[in-house]
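Participant: Quick one: the structure is below, questions incoming.
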Amino acid sequence: MIIHLIAGARPNFMKVAPLWHALSRAPWAQPVLVHTGQHYDETMSGVFLSQLGLPTPRHSLEVGSGSHAVQTAGIMVAYEQLCARVRPDFTVVVGDVNSTLACALVCAKRLIPLGHLEAGLRSGDRSMPEEINRLVTDAIADLLWTPSEDGDRNLLREGVAAERIERVGNIMIDCFELQRNAIETARKALEFGLKPRSYGVVTLHRPSNVDDRAQLEVLVQAMNKVSRHVPLIFPAHPRTMNRLKSHKLDEMIAPAITMTTPLDYVSFMSLVSDALLVITDSGGVQEETTYLDIPCLTLRSNTERPVTITEGTNELVDVSNLSAAVERVTSNRWKHSRRLQFWDGRTAERVVASLSRWRSTHVR
Ligand code: UD1
């Protein structure tokens, strides 16, 4: 059974890697890695392939950046041409990026069976491009693999048939567990001259936070204020770095904030593991911090990952209450996380079992 695994943007590689390894061990499966090229910088793509033990992608669509329509349509055209040449028996898309949506649409139109890993997450905010990608992908996928119970509930509410939904857990935790030894020995903080549990890690890249100059300036001021109490390290996404430079806000950043280029997975998780706190607008980082019991201050007004708030260390903040939240962390008044069901490093195994069951009823 030839199974396309679609990866395009940075967070996809962490989700595809554990599944790639698990499928490679299944005698009936032939996983084929397809890279759409949504992310193309070495620091956003290549370094993850090599570090997570992924092979050179069998197919590279090399679509690159563009507006949503240009990027999504470019991936669709390229992936449809690929499927016309070498039709897979099954395609797996992960997460909620434009590559996820584009390849899902191609599969639906060409009647290629489709599985969505990380299905069912909803922020309820349709101004986020990712929410549209999630809604459409889940409406057309054949198998929906959810990370947590809220995912099942969201899908059922939207009318998805119960037999298409399977709760498999959080694949990001598989990736962490596969790299745990490397992460625990990396000691990245020391390289940056930071003492464990004394610093914060910042990641920001959502258009709603970084695209508008006034909003970004207010955020830089808020970070500068935090850095007077807690030194920060800020590996900046290319989108964020471009905006900081073009708005000349990079010159305003306080010296207690260490700016770096995007980091590889092991270095980044090493920094997060030893951090006092994390300030972010990323989806995956909300989950990783909950797993590691590190306080997570999410600069967004909503999240598609509510279990990280109800069961974990995550809290939604804005610039007006960020400093007070940091103060609660430094004075040891932050909540701790509980263990979440199926966040156990065995999600890829459950997806392989699900695919094997699907195969036994659909493939002669
Ligand atoms: C995309 C995803 C977002 C995810 C994020 C993780 C969508 C709609 N958004 O956002 O959900 O959280 O990836 O990083 O799919 N750029 C480079 N080099 C690269 C990639 C991007 O310089 O390798 C720059 C380009 O200027 C590009 C911009 O970053 O236009 C934005 O990239 P894009 O892929 O459009 O969206 P992200 O903001 O990365």
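Participant: Take VAL326 and decide whether it is buried (at least 21 other Cβ atoms within 10 Å of the Cβ), more than 16 Å from the ligand (Cβ to nearest atom) and modelled with pLDDT of 95 or more.
Facilitator: yes
Participant: Turning to a different aspect of this structure: Being away from the ligand (no atom under 14 Å from the Cβ) and touching a residue at least 24 places away in the same chain (Cβ under 8 Å) is the filter; apply it to the range 56-80 and report the residue that is surrounded by the fewest Cβ atoms within 10 Å (Cβ to Cβ).
Facilitator: First, the residues of the range 56-80 that are away from the ligand (no atom under 14 Å from the Cβ): 56-59, 77-80.
Within this subset, residues satisfying the condition of being touching a residue at least 24 places away in the same chain (Cβ under 8 Å) are 57-59, 78-80.
Numbers: PRO57: 17, ARG58: 14, HIS59: 17, ALA78: 21, TYR79: 28, GLU80: 17.
Applying the filter and picking the extreme gives ARG58.
Participant: Give ASP150, ASP174, ASP142, ASP96 a once-over and let me know the one that is in contact with a helix residue (DSSP H, G or I) (Cβ under 7 Å, 6 or more places away or on another chain), surrounded by fewer than 23 Cβ atoms within 10 Å (Cβ to Cβ) and either under 19 Å from GLN286 (Cα atoms) or of a type in the set (Ser, Thr, Tyr) (or both).
Facilitator: Values: ASP174 fails: surrounded by fewer than 23 Cβ atoms within 10 Å (Cβ to Cβ); ASP142 fails: either under 19 Å from GLN286 (Cα atoms) or of a type in the set (Ser, Thr, Tyr) (or both); ASP96 fails: surrounded by fewer than 23 Cβ atoms within 10 Å (Cβ to Cβ).
Every option except ASP150 fails the conditions.
Participant: Sticking with this one: Check THR137, THR146, THR100, THR91 and return the single one that is farther than 22 Å from PHE342 by Cα and more than 16 Å from the ligand (Cβ to nearest atom).
Facilitator: When all the criteria are applied, what remains is THR91.
Participant: If you don't mind, another one. For the range 263-282, does any single residue satisfy the condition of being within 15 Å of the ligand (Cβ to nearest atom), within 22 Å of ASN181 (Cα to Cα) and not hydrophobic (A, V, I, L, M, F, W, C)? Explain how you work it out, then say what you get.
Facilitator: As a first pass, look at the range 263-282 and keep what is within 15 Å of the ligand (Cβ to nearest atom): 263-265, 268, 280-282.
Applying the additional criterion that residues be within 22 Å of ASN181 (Cα to Cα) yields 263-265, 268.
Right, trim to not hydrophobic (A, V, I, L, M, F, W, C) and you get 264-265.
Scanning the range 263-282 turns up at least one residue that is within 15 Å of the ligand (Cβ to nearest atom), within 22 Å of ASN181 (Cα to Cα) and not hydrophobic (A, V, I, L, M, F, W, C).
Participant: For the range 246-262, name all the residues that are more than 16 Å from the chain's Cα centre (by Cα), within 12 Å of the ligand (Cβ to nearest atom) and closer than 22 Å to VAL47 by Cβ. Steps first, please.
Facilitator: Of all residues in the range 246-262, those more than 16 Å from the chain's Cα centre (by Cα) come to 246-261.
In the following step, the residues that additionally are within 12 Å of the ligand (Cβ to nearest atom) were identified as 246, 261.
Correct list: THR261 only.
Participant: Would you say TYR291 is farther than 24 Å from ALA222 by Cα, crowded, with 17+ Cβ neighbours inside 10 Å, within 16 Å of the ligand (Cβ to nearest atom) and of a type outside the set (D, E, K, R)?
Facilitator: Working: farther than 24 Å from ALA222 by Cα: yes; crowded, with 17+ Cβ neighbours inside 10 Å: yes; within 16 Å of the ligand (Cβ to nearest atom): no; of a type outside the set (D, E, K, R): yes.
For TYR291, the condition - farther than 24 Å from ALA222 by Cα, crowded, with 17+ Cβ neighbours inside 10 Å, within 16 Å of the ligand (Cβ to nearest atom) and of a type outside the set (D, E, K, R) - is not met.
Participant: Residues to consider are HIS116, HIS59, HIS39; find the one that is within 22 Å of PRO262 (Cβ to Cβ) and not aliphatic (A, V, I, L, M).
Facilitator: On the way: HIS116 fails: within 22 Å of PRO262 (Cβ to Cβ); HIS59 fails: within 22 Å of PRO262 (Cβ to Cβ).
Going through HIS116, HIS59, HIS39 in turn, the sole match is HIS39.
Participant: Another one. Give all pairs with beta carbons closer than 6 Å in which a residue from the range 238-260 that is more than 14 Å from ALA214 (Cβ to Cβ) meets a residue that is at pLDDT below 95 and away from the ligand (no atom under 12 Å from the Cβ); count only pairs at least 6 apart in sequence or on separate chains.
Facilitator: Listed by first residue and then by second, the contacts come to nothing, as the list is empty.
Participant: Take VAL230 and tell me if it is in a helix (DSSP H, G or I) and either more than 16 Å from the ligand (Cβ to nearest atom) or modelled with pLDDT of 95 or more (or both).
Facilitator: Details: in a helix (DSSP H, G or I): no; either more than 16 Å from the ligand (Cβ to nearest atom) or modelled with pLDDT of 95 or more (or both): yes.
Judged against the criteria, VAL230 is not a match.
Participant: Go through (1) within 16 Å of the ligand (Cβ to nearest atom); (2) in contact with a Gly (Cβ under 9 Å, 6 or more places away or on another chain) one by one and return the number of the condition HIS237 breaks.
Facilitator: For HIS237, the exception is condition (2).
Participant: Also, I was wondering about something else. Looking at the range 192-216, which of its residues are surrounded by fewer than 22 Cβ atoms within 10 Å (Cβ to Cβ), of a type in the set (A, V, I, L, M) and not in a loop (DSSP other than H, G, I, E, B)?
Facilitator: Selection gives ALA214, LEU216.
Participant: Taking the condition of being free of Cβ contacts under 8 Å to residues at least 24 places away in the same chain and among the small types (Gly, Ala, Ser), how many residues in the range 194-224 meet it?
Facilitator: 1
Participant: Now a separate question. Would you be able to say whether some residue in the range 24-34 is within 12 Å of the ligand (Cβ to nearest atom) and crowded, with 16+ Cβ neighbours inside 10 Å? Before the answer, list the steps.
Facilitator: As a first pass, look at the range 24-34 and keep what is within 12 Å of the ligand (Cβ to nearest atom): none.
Scanning the range 24-34, I find no residue that is within 12 Å of the ligand (Cβ to nearest atom) and crowded, with 16+ Cβ neighbours inside 10 Å, so the answer is no.
The values are calculated or read from the model by the stated rules, or taken from the named source; none is laboratory data. All values derive from a computational prediction rather than experimental measurement. Cβ sites come from the backbone with ideal geometry, for glycine too, and all protein chains shown count toward neighbours.
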